[in-house]
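Enquirer: Starting off with a structure, shown below.
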Amino acid sequence: MRWPLPWGMVGLLWMLLPTVAAAAEFQLDGPAPQPRCAPCHAWLDADPRPRPLAAPHDSLKVTHGGEGLWCLDCHVQDQQESLRGGRGAVFGWDAAHRSCALCHGATVTAWQVGIHGKRVGNWRGPRTIQACRSCHDAHQPAFRPVPPDPAPPRSRFWRPPSPTPEGPP
Amino acid sequence: MTDDDPDDSGPGAAWTTRRALLKGAAAGAALLGGGGTLAAIDGPTGIGLGDALGDLLQDHYLRMTPAEIQGALARIERQARRRFGVTLDCRNDPPLADVRFGFALNLSKCKGTRRCVSACVSENNCGRGGTLQNIRVLELPVGSRDLQDGNPYFTHQTVPVAGHWYVPVQCQQCADPPCVQACPVAATWREPDGIVVIDYDWCIGCRYCATACPYGARHFNWGAPRLSPSDLTRQTHYLGNQPREAGVMEKCTFCLQRTRRGLLPACLEACPTGARIFGNLLDPESEIRQVLARRPVFRLKEEQGTEPRFWFFTDGP
């Protein structure tokens with residue numbers, strides 16, 4: 001009678017697996033990013049010292065994290081076409097969200113289950129969601145103010161809200 | 001929140017004419033009977049006399065036989081061809097089994113861009129440049145839920161404006177909808193998938209429902225929508241975005257012409273910030289259920305007991 005234990009564990013795994021897999025299953029919207037850094041960086045000596053950069057990166061402004069972040073907090077030294085993860089892990093740009101998770105774990109989890117970000121195409125069936133880069137520039141990730149669409153024509157019944165509240169509605 | 005402005009009505013008296021026409025035609029129609037042959041009679045008005053009579057004789061949506069519904073859909077398509085020269089596809093997709101729709105909106109994310117409003121107007125064949133818009137984006141001091149104080153008319157160079165948040169308000173698809181109780185002719189009801197719908201052909205335009213709605217989400221169309229043929233969304237639903245005539249109530253239907261076919265509502269698709277979340281409340285894996293499980297949510301005017309199927313939340317603590 002040695003087998004009840006393994007079978008119990010198999011059963012447990014069987015029950016756990018589908019839910020875990022189903023919650024995490026998604027495809028990313030849009031084409032995968034195509035980094036082209038090697039043509040230069042294959043020839044350049046890596047220089048990990050935080051500093052203002054010369055051309056061609058002189059115009060690149062990083063406001064992310066209040067100017068406190070340095071390129072190599074996210075990019076990998078000597079491996080510019082990859083992004084950094086926790087514990088030395090390295091990801092391709094098509095998995096940039098896993099690099100964001102290094103510092104924004106809770107937001108990335110929320111994105112995976114559909115609370116942050118945006119699903120596209122359908123509300124059921126195979127799930128496609130927008131990648132972080134659809135909405136955030138990795139270097140200046142804050143929402144940029146935009147002009148609003150036109151206001152509706154004013155109804156003549158509408159009065160601007162009174163500065164002095166007239167009590168409970 | 002306000003009612004819609006009668007000033008903005010396009011051909012202003014259109015709806016009274018329609019009602020008068022129907023009234024006058026009632027006697028003749030009673031004699032003619034049967035919907036099938038009526039389509040052949042065509043008046044000089046452009047409305048199509050036969051179809052106008054067919055309209056009049058038509059039963060309540062829920063009482064029509066499948067054949068009668070097909071007749072009604074065909075009539076809507078014919079009328080669109082006459083009115084706009086456009087070929088529509090008008091359907092009556094039924095509620096999906098085991099589906100109850102719910103919506104959630106993240107007020108930390110909404111930036112007041114009004115992209116949802118424009119997308120809604122276009123998807124739902126609302127008149128262009130009119131006051132009738134199913135979504136109002138209210139600008140309020142951060143944290144305020146006092147819809148009365150909301151300004152839907154904000155015009156800024158760019159949004160968001162510091163110190164404000166933006167609360168989009170549309171039909172909250174209440175589970176206990178006061179509008180349905182207020183309707184004297186039962187022209188509005190709640191479908192099994194949770195969407196409150198209107199039979200535009202049964203609606204008498206009395207506007208009791210608009211008064212009963214605590215959210216100002218029902219709108220009376222004073223004139224037939226101003227639409228050019230190229231504006232028309234051709235995939236339509238009888239209870240949704242079919243081109244309306246003047247003198248009926250209109251409201252958000254969670255884009256049932258889209259959502260009953262698995263698509264997302266137009267407002268959600270247009271939102272640039274991901275503030276809108278939609279899905280099936282009966283599916284524990286759905287995004288909407290994730291929001292309800294993981295975020296503190298609230299609903300508008302909860303104390304009124306209308307049980308909205310539309311939740312709001314914020315990211316912050």
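The values are calculated or read from the model by the stated rules, or taken from the named source; none is laboratory data. Since the structure is predicted, the reported quantities are computational estimates derived from the model, not experimental observations. FYI the Cβ positions are ideal-geometry reconstructions off the backbone, even for glycines, and counts take in every protein chain you see. For the accessible areas, the whole protein counts, side chains as well, though only heavy atoms, and no ligand, DNA or RNA atoms are used. Shrake-Rupley method; radii C 1.70, N 1.55, O 1.52, S 1.80 Å.
Enquirer: Residue B:269 fails exactly one of the following numbered conditions: (1) open to solvent by 50 Å² or more (accessible area, probe 1.4 Å); (2) in contact (Cβ under 8 Å) with a residue 60 or more places away in the chain; (3) more than 8 Å from chain A (Cβ to nearest Cβ); (4) out of contact with any Lys or Arg (no Cβ under 6 Å at 6 or more places or on another chain). What is the number of that condition?
Expert: Of everything listed in (1) open to solvent by 50 Å² or more (accessible area, probe 1.4 Å); (2) in contact (Cβ under 8 Å) with a residue 60 or more places away in the chain; (3) more than 8 Å from chain A (Cβ to nearest Cβ); (4) out of contact with any Lys or Arg (no Cβ under 6 Å at 6 or more places or on another chain), residue B:269 misses just condition (3).
Enquirer: Specify which of the listed residues (B:173, B:181, B:157, B:133) is outside any strand (DSSP E or B) and in contact with a Pro (Cβ under 6 Å, 6 or more places away or on another chain).
Expert: B:133
Enquirer: Which of the residues that make up the stretch A:92-124 are buried (at least 18 other Cβ atoms within 10 Å of the Cβ) and aromatic (Phe, Trp, Tyr)?
Expert: Residues satisfying the conditions are A:111, A:123.
Enquirer: How many residues are touching a Ser or Thr at 6+ places or on another chain (Cβ under 9 Å) and at negative phi when one looks only at the stretch B:165-186?
Expert: Adding up the residues that qualify gives 13.
Enquirer: Restricting to the stretch A:125-154, name every residue that is facing chain B (nearest Cβ under 7 Å), buried (at least 17 other Cβ atoms within 10 Å of the Cβ) and touching a strand residue (DSSP E or B) at 6+ places or on another chain (Cβ under 8 Å).
Expert: A:148, A:152
Enquirer: Would you check if there is a residue in the stretch B:162-173 being open to solvent by 10 Å² or more (accessible area, probe 1.4 Å), within 11 Å of chain A (Cβ to nearest Cβ) and out of contact with any Cys (no Cβ under 7 Å at 6 or more places or on another chain)?
Expert: Yes; the residues of the stretch B:162-173 include at least one that is open to solvent by 10 Å² or more (accessible area, probe 1.4 Å), within 11 Å of chain A (Cβ to nearest Cβ) and out of contact with any Cys (no Cβ under 7 Å at 6 or more places or on another chain).
Enquirer: Scan B:78, B:63, B:83 and give me the residue that is at pLDDT 90 or above, under 30 Å from residue B:172 (Cα atoms) and charged (D, E, K, R).
Expert: B:63
Enquirer: Free of Cβ contacts under 8 Å to residues at least 60 places away in the same chain, of a type in the set (Gly, Ala, Ser), open to solvent by 30 Å² or more (accessible area, probe 1.4 Å) and in the same structural domain as residue B:187 (by TED's automatic domain parsing), is that true of residue B:293?
Expert: In short, yes.
Enquirer: Ok, one more. Return the residues of the stretch B:111-161 that are over 15 Å from the mean Cα position of the chain (by Cα), open to solvent by less than 10 Å² (accessible area, probe 1.4 Å) and more than 7 Å from chain A (Cβ to nearest Cβ); say none if nothing qualifies.
Expert: B:137, B:138, B:140, B:147, B:150
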